[in-house]
Structure formats: structure tokens, C-alpha cells
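I have placed the structure first, in the form of C-alpha cells, so that the comments after it can refer back to it.
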Amino acid sequence: MKTVSRPPYRVLVGKIGLDGHDRGSRIVAAYLRDAGMEVIYTPPWQEIHALVRLATDEDVDAIGISSLATDHLLVPKLLQALAAAGLGDIPVVVGGIVPDEDEQALIEAGVRRVFHPGSSRKDIVEAIAELAAEARNKREAESV
């Protein structure tokens, strides 16, 4: 029996807005790389349209946005832009300092998961892998 190997999950890790604190996103990117995922990492200060273009060009399975200021409040606009580009099925997660009331608003807007400071490597990697697998499987089923 011939086995077919699937390519690794592709995850875009970035920051939108003016928050320049990128240590956490660099650590998470390393976690995902160490777990065998391909990571497309952006430096801070990205614009929403740039992340949408990267998600399209890089055919990503998931997107992680880091926020240590209030830039997580821009994520609903990112979700809208992804949907407008036909990429609404790509799961988006947010990591960083997100107040409880903002977390609920992000979930209601379509964010799949919020990771707070102190989230474990295992939880982050497992959740991203699960969401990426779900998105890839759905995309593959629709293309058949």
C-alpha cells in the first residue's frame, strides 16, 4: 500500500496595527516550526490588506495574530477582509493581552481561539494543528 504524505500545515503569524512588541509572536512561530509546521512570519506593523495578500499567496491553513496593545481590536476588520477575498474559512487565532470583554467580542466576530500570556506550548500547537487540519480538510473536500 502506497502512503501519501501531506505537506506540513502553513501558518501565517503576524501583527497588525502599531504594536511593535513581537517577542511573543516570535516564540509562538518557533513553537509551530518545532512542531513541523511551515510558518510565514511577518514583522510588526502590518496592514490588513498585506496579511490578506500573504494568506492568499502563501495558501495558509491558519492565521495567528499577536497583540500586546489594543491592536486585537483590528482583527474583526481582518476577518471581514479575509471573507471579502474568499478566505473566510481560514481560522484566525489571537494571542497576547486581550481583556475578557474584548475576547468575547473577538469570538463573536469569528476568532476561533484566544491565547493569553502563560498559554502552554502544547495547547497552542495542538489547537493550531487542529484548526489547520479542519480548514485543510474542508478545502480539500470542496475541491473534489
Seminar exercise, completed: Okay, helices (runs of 4 or more DSSP H) sitting entirely in the stretch 74-144 with 1 or more residues that are within 17 Å of Arg6 (Cβ to Cβ), I get 121-142
Exercise. Just a yes or no: is a residue in the stretch 52-66 surrounded by fewer than 21 Cβ atoms within 10 Å (Cβ to Cβ), in contact with a Ser or Thr (Cβ under 9 Å, 6 or more places away or on another chain) and within 21 Å of Ser119 (Cα to Cα)?
Worked result: no
Exercise. How about the stretch 104-127: which of its residues are surrounded by 16 or more Cβ atoms within 10 Å (Cβ to Cβ) and not small (Gly, Ala, Ser)?
Worked result: Leu106, Val111, Arg112, Arg113, Val114, Phe115, Ile124, Val125
Exercise. Only one of Asp57, Asp71, Asp100 is of a type in the set (D, E, K, R), in contact with a Gly (Cβ under 8 Å, 6 or more places away or on another chain) and more than 18 Å from Ala30 (Cα to Cα); which?
Worked result: Asp71
Exercise. Across the stretch 5-27, what is the total count of residues that are over 21 Å from Ile90 (Cα atoms) and of a type in the set (S, T, N, Q)?
Worked result: 1
Problem set entry | Checklist (1) assigned to a helix (DSSP H, G or I); (2) of a type outside the set (Ser, Thr, Tyr); (3) more than 13 Å from the chain's Cα centre (by Cα) applied to Ala69, failing item | (1)
Exercise. Has the stretch 33-44 got at least one residue that is part of a helix (DSSP H, G or I), more than 24 Å from Ala83 (Cβ to Cβ) and not small (Gly, Ala, Ser)?
Worked result: yes
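Readers should treat all values here as calculations from the given coordinates under stated rules, not as data from a laboratory. Note that the structure is predicted; figures quoted are calculated from it, not measured. In this analysis, Cβ positions are derived from the backbone assuming ideal geometry, glycine residues included, and neighbour counts consider all displayed protein chains.
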